[in-house]
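Okay, so here's the structure we're looking at.
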Amino acid sequence: MKGAVTVLHPGRALILIRPLWTRIYEWLTVTALIARREIRSLFSSWIAYVTLTFFAFLIGLMFISILQLGEAGQMRVLYWNTAIILIFVLPIVTMRLLAEERRLGTLELLLTSPVTDWQVVVGKFSAGFFWLLTGLALSLYVPYLINRFSGGTADLGPYWTAYIGLAFFAAPLIAIGVFWSSVTDNQIIAAMGTFGTYLLLYIINWPTEGAAGWAEIFRKISLYYRFQDFTAGLIKFQDIVYYLCWTFLALYLSVQVLASRRWR
Amino acid sequence: MIQVSELTKYYGETLALSQVSFTVQKGEIVGFLGPNGAGKTTTMRILAGYLSPSSGSAKVGGYDVVEESLEVRRIIGYLPETVPIYSEMRVREYLTYMARIRGVDRKRVRSRVDDVIERCGLRDVADRINGHLSKGYRQRVGVAQALVHEPKVLILDEPTIGLDPVQVREIRQLIKELAGDHTVILSTHILPEVSMTCQRVLIIHKGRLIAEDSPENLSRGLMKSQRILVRLQKPPSEPLSALKNLDGVLSVERRDDNLFAIEAPTDQDLRPQIAEAVVKRGWGLLELRSEELTLEEIFINLVTKE
Amino acid sequence: MGNRLRGLPITKTLRRLIHENALPILMTIAVLSIGALTLRLAYPATPLYWGSVLGVAGLLLLALIAVEFRELLTFLISQKGQMGTSVLVSTLLLIGILVLIVYVADRREISWDWTKIKRHSLSPQTINVLKNLKKEVKVYAFYDAQSPEFPRVQDLLRRYRSHSAKISFQVVDPDREPLLAREKEVTGSGITIFEANGKKERVSFGGEKEFTGAIIKVTSDKKPNVYFLVGHGEKSPEDFGATGISNLKTGLERQNYIIKTLKLMTEGKIPADCDVLVIAGAQQSLLPQEKKVIDEYLKKGGKLLLMLEPDPAPSFSDWLDQWGLQTNPGIVVEPENNIIADAAAVFALSFRFHDITRPFQKAQQEAVLFVTARPLKRKSQVPSGVTVSELIESSANSWREGELKGAVRKDQGEEGGPFILACAVEKTISDKKKQRTVVIADSDFFTNGLIANLRNGAFAASCIHWLAGEDVLIEIPPKEDLPSRMFLSRHQQVFTVVWSLIALPLAILMTGFIVWWNRRG
């Protein structure tokens, strides 16, 4: 049967025959390869370590100052601030993702390999996400110590939801970083653009404080507004959907920017 | 192996390629010749699936470069103009990664990488970091990555640019060895490179294909005359008439105190007569050779011919 | 010919001007649009500001398109234009789809509560109520959109709906939906209305406990029986005249009440299905036998709405005594707010906090008009087991006018206000049971002639609701954070500082340094 189909059209027909799960597996394998390479490259440059040190130090600082209050329930403030810190740190991590490849010329190599634009973008996104997970993992001593210090009375539920929330909150941020990194090969511009976009999406609900009516749309757009429930121990499906939609949109735009090289 | 028909590419308002058509047979080595900005890189990028043509079509190995871009990319090896290597990776690491990305079977990756390291003479630097390599080695790493997945078609954009003469020779040798198994299409703006490595030359100028032939035919057909250089130890104050009067000499030009350029028809070799004339007059013959036409001159010829 | 000479050069110059400055014009349009948006937010009430700015931007855009039409067209049919347009269109389409997804997801409440005390979940009691819900319940919550309560109530009601499809709700800002607010008789923020089968329940502010209670109330099938005592000159629900209370009867029947009259003299006992007994301003004293029957009824937890009339009507002082109240002859004169210049009229504005007055508390402008109110005061000592809650009082400037002869003014021996105009009395009769009585100092306010005034009808109904209300006692434990104090030993403190500020950051930095060192060679 394979022979018969091959006569019709070699490579393409074979792709159609292969079951869906093998195709997904192959898709993921290549994406993972790109992600792994990017992670190795990220963690062999100083950027990853300096940002992580900065991140861990600030969390430590907040941890100690909140610990002074002596109340485990107050710790949610730490995660609010962690989200803000991410707004400052993530642009530095994401700026290089695609811009570096562009600068080195390896993007041309990657895009002339049998790899789709989506695989490249998702691979880069995953690398950025890996940095985030590393950062969050390095702060896991916070719930551990809180549990120890409160003699096991602290309710750790809100801590775990805060971590889940941070992951979902950061996903669109990283995707926006990937987008800016795909637009320019100048990493400084990529970082500034990313930071500017974050800031815009962060403060966009400010005008709604006083105004009414359709200005409420801005509150809906604001990324930070939806984060607070997570730190209170509540995971809302709608918020997850919201963050995933943002992530998808930013990744889609990155893919479009990459694909635009063909016709620009 | 490669069929290109009426390929046209605009960058915004600028026309980069205009109605370029050619075919390349399996196992051929074809050179793409033209000055910078002629459209070589654009053509190669289209063939590699990096750009889409504005109109026209290109097929590589039977696959359309736009419609079946992924299939095309599976069977080509591409070396872009700026050698693209991740500077923080080690050579072997990098080649392994490229092999995996290009879809080499996991079990064969190791042997393939070893093979290209051997073939491209990278054994001594296999565990070095890319960023610390010399320009020549980087170029070889670039060629190695294009070969690692045994592509049917090799597209090499200026593979010898910026190399010293020894390295240039090595790379050329390598490319020659590849002929037969692979179809090679390479671009350059140096004529000897084409004549040394390629079986066929495509000359491209301002986005148009203006000539297509074997290197020998091309230079022969293009040269209305050949030029012979003579260096004398004791040149006379006015030797020009003596040379000019030789049979067949078209003109004589004094390049500097000791060097003279003699123009002669292509169907005649005047070197014996010139030597004799010089020795007879005791001017002290230091050097006597025929000069290759430069690409610029061929171009000027081609363009003026049009 | 002259026409051409005049017209053409100007158009040409203008076209050239626009064409050569296309980019600055585009930027101007962008700036103007942002400006219009800012103006729209800053002066939402004056559409002229942002409208005119947006209009100028629109005109500029039109001019630009008109001049650059040909160029635009060529661009659009070029490869770049085609691809760019298709990407733009597909991106807009995607944004549309994503907005729709978010919109749909935002209407649903699917959530996971990871707190130990289940702070964000409904209590098992509420979930049980919702599971057994058989009727459609419509909920209208009126909250100021800017207040933090707004999303809180929205989330809470979403949780209700996620447990029962019978619940449908709207959380609206009364200022933005004035028609709906008027229809539901809501003035001001913080009111939630529950409706089912024509029954209506208002909750002002409150949380899960109140909401669940309201749902139980509006969905219960029970039709409360209200008996009006007759035979002593009371206002009668059968009387359609100005002093009758047939309007109240119709109104209550519309709210699922069954209104009957009770001739205690002939029947001799209070029917067992009596939920509320009303004595609407008896003019003659009740017979001792009647009083005894009613005493029995009250002892068993029967509910009574007692409305007084000034002398010579009976004062019911023996009952009032038991409830810690006292009364004197005469009427209450309220000098404040009295615009109809009738000494007997009392505009009562000050509602005290109670379940009955909930619908009226928020808006201070609401009032009830009483006519000839009997002076009623709280005794200095209220018997144990009795709680008296004032519902409405007259102002401090009011006084008891003992004799209605001569000048109406505060004379010697006429004590001053405030007087109780209405109060709720709860008397403990057993551990779990409380007997409820509402005493109102006037019975005229809800007659056909006056019931349409101000909030008179609503207040009377509210009193009967409270009395007829089953004691929906759902105990929902308050969701307070479990305090978990942390006391750190000196050792622990030092460890924390060393670990989080020094050891961990340094370890990360060292790892980076080692990696860098290794890659150097």
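The values are calculated or read from the model by the stated rules, or taken from the named source; none is laboratory data. Keep in mind it's a predicted model, so treat the numbers as computed, not measured. Reconstructed Cβ throughout: ideal geometry from the backbone, glycine too, with neighbour counts over all protein chains shown. Remember, those area values only see protein heavy atoms, side chains included, never the ligands or the DNA or RNA. Shrake-Rupley method; radii C 1.70, N 1.55, O 1.52, S 1.80 Å.
If I filter the range B:68-89 for residues that are open to solvent by 10 Å² or more (accessible area, probe 1.4 Å), of a type in the set (G, A, S) and within 8 Å of another protein chain (Cβ to nearest Cβ), do I get at least one hit? Yes, the conditions are met somewhere in the range B:68-89. Inspection of the range C:139-148 finds a residue satisfying the criterion of being closer than 30 Å to A:T153 by Cβ, under 49 Å from the mean Cα position of the chain (by Cα) and more than 10 Å from chain A (Cβ to nearest Cβ). For the range C:145-167, the candidate set comprises residues that are touching a Phe, Trp or Tyr at 6+ places or on another chain (Cβ under 7 Å) and modelled with pLDDT under 85; within that set, the residue that is least open to solvent (accessible area, probe 1.4 Å) is C:F150.
Within the range A:157-172, is there a residue that is among the aromatic types (F, W, Y), away from chain C (no Cβ under 14 Å), within 24 Å of A:M75 (Cβ to Cβ) and surrounded by 19 or more Cβ atoms within 10 Å (Cβ to Cβ)? Among the residues of the range A:157-172, at least one is among the aromatic types (F, W, Y), away from chain C (no Cβ under 14 Å), within 24 Å of A:M75 (Cβ to Cβ) and surrounded by 19 or more Cβ atoms within 10 Å (Cβ to Cβ), which makes the answer yes.
Residue-level check: of (1) touching a Ser or Thr at 6+ places or on another chain (Cβ under 6 Å); (2) open to solvent by 30 Å² or more (accessible area, probe 1.4 Å), C:G231 misses just (1). Annotation note: of A:R37, A:R103, the sole residue that is part of a helix (DSSP H, G or I), open to solvent by 10 Å² or more (accessible area, probe 1.4 Å), facing another protein chain (nearest Cβ under 9 Å) and closer than 30 Å to B:A48 by Cβ is A:R37.
Number of residues in the range B:243-264 that are outside any loop (DSSP other than H, G, I, E, B), surrounded by fewer than 17 Cβ atoms within 10 Å (Cβ to Cβ) and over 31 Å from the mean Cα position of the chain (by Cα): the value is 3. Of the residues making up the range A:215-240, those that are open to solvent by 20 Å² or more (accessible area, probe 1.4 Å), within 8 Å of chain C (Cβ to nearest Cβ) and modelled with pLDDT of 90 or more number 1. Just one of the listed residues (C:T13, C:T38) is open to solvent by 60 Å² or more (accessible area, probe 1.4 Å), more than 49 Å from the chain's Cα centre (by Cα) and either under 30 Å from C:S168 (Cβ atoms) or at pLDDT below 90 (or both), and it is C:T13. The numbered conditions (1) part of a helix (DSSP H, G or I); (2) more than 12 Å from chain A (Cβ to nearest Cβ); (3) not small (G, A, S) are all true for B:K26 except (1). The single condition from (1) among the aliphatic types (A, V, I, L, M); (2) crowded, with 18+ Cβ neighbours inside 10 Å; (3) in the same structural domain as B:L95 (by TED's automatic domain parsing); (4) not in a loop (DSSP other than H, G, I, E, B) that B:I210 fails is (2).
Among the residues of the range A:116-146, those that are in a loop (DSSP other than H, G, I, E, B) and either more than 14 Å from chain B (Cβ to nearest Cβ) or surrounded by 22 or more Cβ atoms within 10 Å (Cβ to Cβ) (or both) comprise A:S139, A:L140. If we scan the range B:118-129, do we find a residue that is touching a strand residue (DSSP E or B) at 6+ places or on another chain (Cβ under 8 Å), in contact (Cβ under 8 Å) with a residue 12 or more places away in the chain and facing chain A (nearest Cβ under 9 Å)? Scanning the range B:118-129 turns up no residue that is touching a strand residue (DSSP E or B) at 6+ places or on another chain (Cβ under 8 Å), in contact (Cβ under 8 Å) with a residue 12 or more places away in the chain and facing chain A (nearest Cβ under 9 Å). Residues in the range B:30-56 that are away from every other protein chain (no Cβ under 14 Å) and either surrounded by fewer than 22 Cβ atoms within 10 Å (Cβ to Cβ) or closer than 16 Å to B:P80 by Cβ (or both): B:F32, B:P35, B:N36, B:G37, B:G39, B:K40.
Out of C:I77, C:I97, C:I117, one residue alone is touching a residue at least 40 places away in the same chain (Cβ under 8 Å), β-branched (V, I, T) and open to solvent by 40 Å² or more (accessible area, probe 1.4 Å). It is C:I117.
Among the criteria (1) in contact with a strand residue (DSSP E or B) (Cβ under 9 Å, 6 or more places away or on another chain); (2) more than 14 Å from every other protein chain (Cβ to nearest Cβ), the one C:P174 does not fulfil is (2). Selection over the range B:10-34 of residues that are over 22 Å from B:T188 (Cβ atoms) and β-branched (V, I, T) gives a count of 1. Among the residues of the range B:76-101, those identified as touching a strand residue (DSSP E or B) at 6+ places or on another chain (Cβ under 6 Å), over 19 Å from B:I129 (Cα atoms) and outside any loop (DSSP other than H, G, I, E, B) are B:I76, B:G77, B:Y78, B:L79.
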